[in-house]
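The structure appears right after this line, and notes come after that.
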Amino acid sequence: MLNYPLHKKEKEDRIIWASVRSTLEAFRFKHKRSGKKTRSKWTLFERLLWVFKLLLKLAGLYEKGLANAKNIEVTNVKLAFPDLPSAFNGFKILHLSDLHIDAIEGLENILVRKIKPLDFDLCVITGDFRMDTTGSFRQIFPAMQKLMTVLRPENGVLAVLGNHDTYKMVDLLEQLGIRFLLNESVFVEKENQRLLITGTDDTYYFYTDMALHALEHNGNDFSIVLSHTNELSDVAAENNYKLYLCGHTHGGQICLPGGIPVISHQKEIRERVRGLWRQNGMMGYTSAGAGVSGIPLRFNCPPEITVFELMRGDTAPV
Ligand SMILES: [Fe+2]
């Protein structure tokens with residue numbers, strides 16, 4: 001039973017969304033806000049990754065990189081907003097991103113151990129549940145089922161799809177209790193006050209104008225965006241959203257000393273590869289992600305899960 005059941009209009013809109021998303025997936029038509037995305041560079045990137053992986057094995061660094069990828073850090077971030085509804089002062093959001101839960105065997109057990117002792121009111125997941133971008137997806141369910149045993153806060157688990165995900169996952173993951181926001185919004189209510197949370201479909205491979213329209217809201221509610229990438233942050237800021245949570249970059253995943261990414265998979269706004277950022281009056285956070293893709297390794301860029309504590313005020317206490 002979902003915490004946020006679908007209304008009749010949302011069920012109808014989902015039929016349209018699914019027909020568009022399934023067509024884009026079937027034809028591998030990768031489409032960004034700026035236009036069609038080419039595939040040739042990705043093929044080259046995959047070959048380079050294979051060579052890189054071999055070199056690391058020869059250099060004896062592969063096991064170190066794998067151990068780094070399993071060493072998930074919990075990041076605590078306090079954020080202050082003068083217009084936060086008072087009932088939400090101290091409200092905690094657990095943010096998970098880029099789980100790629102089938103990329104590392106047993107990753108779900110590490111996540112369960114890390115998350116179990118945490119205190120949070122709402123969990124949000126900003127996409128990339130599986131490792132590959134095509135093919136099977138059912139292999140993630142046993143791990144997600146186990147993870148859900150610790151993601152059961154009173155206000156539910158909200159999620160968006162990433163560019164590695166398929167529309168086919170939605171029904172099965174919603175049966176586990178994850179409510180997807182597919183260019184949709186829900187209200188989180190507390191003591192007769194509420195937050196608006198909007199989630200967009202992935203815009204890195206599967207951009208449509210439906211994602212833009214989802215961010216057009218007219219109310220005065222304190223509002224938060226969940227999106228796989230930061231590509232819609234300008235639209236969200238224009239529409240008076242206060243907080244934008246995303247992932248996708250993995251923080252670089254393979255970084256030079258000092259956390260300098262070798263590759264970020266983000267042409268837009270490169271400085272937002274991880275951590276806090278601001279766009280006009282809106283705060284944003286790019287998670288470095290809990291998992292890995294490409295190769296199951298990390299260097300100079302620890303995986304993270306993040307707990308945000310929302311505070312009412314001008315500045316957050318340190
Ligand atoms: Fe990812």
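Efficiency by 1/(1 + (r/R0)^6): what FRET value for Lys36 and Glu191, r their Cβ-Cβ distance, R0 = 45 Å, to the nearest 0.05?
Values: r = 48 Å, r/R0 = 1.06.
It comes to 0.40.
What's the FRET efficiency of Thr23 with Glu46 using the Cβ-Cβ distance as r and R₀ = 30 Å, to the nearest 0.05?
After rounding, the FRET efficiency stands at 0.75.
Per residue of the stretch 215-220, what does 6.51 cos²θ - 1.76 cosθ + 1.60 with θ = phi - 60° give for ³J(HN,Hα)? Whole Hz please, x for Gly and Pro, Karplus curve as stated.
8, 8, 10, 9, x, 9
Can you give me the long-range amide H partners of Phe206? Hydrogens built in the peptide plane at 1.01 Å from N, cutoff under 5 Å, separation of 5 or more residues or another chain.
His31
Just the number please: accessible area per residue for the stretch 8-312, 1.4 Å probe, all protein chains included, in Å². Let's see the in-between values first.
Numbers: 13480 Å² over 305 residues.
That works out to 44 Å² per residue.
Calculated from DSSP H runs of 4 or more alone, at -39500 (n - 2.57) each and per residue, what is the 222 nm mean residue ellipticity of the chain, nearest 500?
On the way: 8 runs with 83 residues, N = 318.
Value at 222 nm, helices only, nearest 500: -8000 deg cm²/dmol.
Per 0.36 nm of contour for each residue apart, how much would the distance between Glu12 and Arg138 grow if the chain were fully extended, relative to their Cα-Cα spacing? Please list the in-between numbers first.
On the way: separation 126, 0.36 × 126 = 45.36 nm, distance 2.55 nm.
Extending this stretch completely gives an extra 42.8 nm.
Kindly rank 51-58, 300-307 from highest to lowest mean number of other beta carbons found within 10 Å of each residue. Show your work: numbers first, answer last.
Numbers: 51-58: 12.8, 300-307: 21.5.
Going from most to least packed, we get 300-307, 51-58.
Here are some pairs, Lys64/Lys168; Lys32/Lys168; Lys70/Lys146; Lys168/Lys242; which of them have Cα atoms lying more than 28 Å apart in this structure? Walk me through the intermediate numbers first.
Values: Lys64/Lys168 35 Å; Lys32/Lys168 21 Å; Lys70/Lys146 17 Å; Lys168/Lys242 31 Å.
Exceeds cut-off: Lys64/Lys168; Lys168/Lys242.
In whole percent, how big is the carbon plus sulfur part of the accessible area of the stretch 8-312, probe 1.4 Å, protein atoms only? Spell out each step's value before the answer.
Values: 6980 of 13480 Å².
Whole-percent figure for carbon plus sulfur exposure: 52.
The values are calculated or read from the model by the stated rules, or taken from the named source; none is laboratory data. Predicted model only: the values in this text are computed from it and were never measured. Every residue, glycine among them, receives a Cβ derived from its backbone with ideal geometry; neighbour counts consider all protein chains shown. These accessible areas exclude ligands, DNA and RNA; they are computed on the full protein's heavy atoms, side chains included. Shrake-Rupley method; radii C 1.70, N 1.55, O 1.52, S 1.80 Å.
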